[in-house]
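J.: Encoded as structure tokens, here's the structure I'll be asking about.
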Amino acid sequence: MARIYVRSPYIIEINVPLQQSTSIELFIWNGTGAAPASPQYTLSKNVPSANNVQTLYNISNYVREYIAHSSVQSIYNSTAATPTTQWCNVQVVKYSDGVLVGTESHNAFDGYGYYSEGSNFDNGVSSLDDGTYYYYNIGVTPVTNPLYYAGFFRASSIALGTVVYTNLRTGATQTTTSFNTPYDYPCVYDTWYADGNKVEVKNSGGTVLNTFYFRPITECRYEVVTCDFVNKSGAWQRTFFYKASSETLEVDNAEYNLIQTDSLNYSIYEGQRQVFNANGKEFIRVNTGFVNDDYAEVLKQLMLSERILINNQPAKVRTKSLEKQKQINTKMINYTLEFDYSFDTINSVV
């Protein structure tokens, strides 16, 4: 079973010698149950010519309709199945001239691959890239405010494998059994928030597939801003902005000239111009604090995300460009970003 990422094209090929037409049936469903009895979509094509019988189908747009990230799980001290709305199963049945020529089964996520990685790229078992990540150490255990959880990562298709946590201070270990279906795992073992930990994702043979380091940061002066976003692998990822932040209100309205109630003896408090349809939009400016070179990749995926929460409120990136800094050039790296909250200040939902 492969993993497909439907923000990029996923191409199905049928190339049988002398074929004249092809078709595919798409069976798409959420969760771990059986495939539906009938396909959601049936697509067909004639071959371009007798000398070129290859046919290609991009199924991503059809599959993406079945995936949504409505909310973030509050994962702190236990694993949990990835919500079934955040991924789906896809079965592709292929026909050449009406004859069955193959069946493919996949798990689909709302992620993407980069152009440089080629077509039908598989982002791998885990939803994070190998590397070091930082989380806010609030200084309290257990952490009771979900905004200050260290976050979680998704792993899938590693039945009988393990996720191993190693305390960065004491070297103690904790092991969690993995699952074949997508599961969410805490980034930090619940009683190790002050120390941080290494996480190793292993397959059933004990081979390490991914390694992450999660290290705590204590911020005493500024109010820390929590950011959740759907990353390249189509999973929620959490990062924090530690330094100065500020919120701004922008107001928009329409204006018209007001007819005075009495042109001869008008009230000076009445005014000559009146506004209507007044509403506001707010945005927040944040600073990362000092980070390493690798953090540019996190911000890249954040800026490319179509689903973002700032302090658990829906938002979108206002910043449209980012200069990737290098420590060898700038010594200490700090990034400043702006986010628009994705709602009007005055409720205008109808």
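Any read-out appearing in this document is the output of simple, stated calculations on the displayed coordinates, not a laboratory observation. If you're wondering where the values come from, they're calculated on a predicted model, not measured in any experiment. Note that each Cβ is placed from the backbone with ideal geometry, even for glycine, and that neighbours are counted across all protein chains shown.
J.: Show me 339-350, 57-68 ranked by packing, highest mean number of other Cβ atoms within 10 Å first. List each step's numbers first, then the result.
T.: Numbers: 339-350: 12.7, 57-68: 17.7.
Those peptides, ordered most packed to least, come out 57-68, 339-350.
J.: Another question, then. If I take R0 = 45 Å and measure r between the Cβ atoms of Gln272 and Lys326 in this structure, what FRET efficiency does the formula 1/(1 + (r/R0)^6) give, to the nearest 0.05? The partial results should precede the final answer.
T.: Numbers: r = 57 Å, r/R0 = 1.28.
With a Förster radius of 45 Å, E is 0.20.
J.: Another question, then. Taking the Cα centroid of the range 114-136 and of the range 156-196, what is the distance between the two, rounded to the nearest whole Å?
T.: That distance is 18 Å.
J.: May I pose another question? Extension gain Asn77-Tyr115, at 0.36 nm per residue separation less the Cα-Cα distance, in nm? Show your work: numbers first, answer last.
T.: Values: separation 38, 0.36 × 38 = 13.68 nm, distance 3.71 nm.
Result for the pair: 10.0 nm of gain on full extension.
J.: Tell me, what HN-Hα J-couplings in whole Hz come from the Karplus equation 6.51 cos²θ - 1.76 cosθ + 1.60 at θ = phi - 60° for each residue of the range 164-178, using x for Gly and Pro?
T.: 10, 9, 10, 5, 6, 9, 9, x, 5, 10, 9, 10, 10, 6, 8
J.: So if I take the centroid of the Cα atoms in the range 1-39 and the same for the range 217-261, what is the distance between those two points in Å?
T.: Cα centres, the range 1-39 to the range 217-261: 40 Å.
J.: Also, quick follow-up: Just to check I understand the Karplus step: with θ = phi - 60° and J = 6.51 cos²θ - 1.76 cosθ + 1.60, what whole-Hz values come out for the range 220-233, glycine and proline as x?
T.: Values, residue by residue: 9, 9, 9, 7, 6, 9, 9, 10, 10, 8, 8, 8, 4, 8 Hz.
J.: Whole-Hz ³J(HN,Hα) for each residue in the range 20-33, computed from phi via Karplus 6.51 cos²θ - 1.76 cosθ + 1.60 with θ = phi - 60°, x for glycine and proline: what do you get?
T.: 10, 8, 9, 7, 9, 10, 10, 9, 10, 7, 9, x, 9, x
J.: Rank by packing, highest mean first: peptides 117-129, 160-172, with packing defined as the count of other Cβ atoms within 10 Å averaged across residues.
T.: On the way: 117-129: 17.5, 160-172: 15.8.
In descending order of packing, they fall as 117-129, 160-172.
J.: In nm, give the distance between the simple-model label positions of Ala50 and Asn265, each being 7 Å from the Cα along the Cα-to-Cβ direction.
T.: It works out to 9.9 nm between the two label points.
J.: To continue, here is another question. Taking 22 Å as R0, compute the FRET efficiency from the Cβ-Cβ separation of Ala2 and Trp29 and round it to 0.05.
T.: Efficiency, rounded to the nearest 0.05: 0.85.
J.: 222 nm [θ] for the chain, helices only, -39500 (n - 2.57) per DSSP H run of 4+, per residue, to 500? All intermediate terms of the calculation are to be shown ahead of the outcome.
T.: Values: 3 runs with 18 residues, N = 350.
Value at 222 nm, helices only, nearest 500: -1000 deg cm²/dmol.
J.: Ranked highest first by average number of other Cβ atoms within 10 Å, how do 173-182, 147-156 line up?
T.: On the way: 173-182: 16.2, 147-156: 23.4.
Put in order of decreasing packing, that is 147-156, 173-182.
J.: Now a separate question. Taking 0.36 nm per residue of separation and subtracting the Cα-Cα distance, what length does fully extending Val140 through Asn312 add? The partial results should precede the final answer.
T.: On the way: separation 172, 0.36 × 172 = 61.92 nm, distance 2.06 nm.
In short, 59.9 nm is gained.
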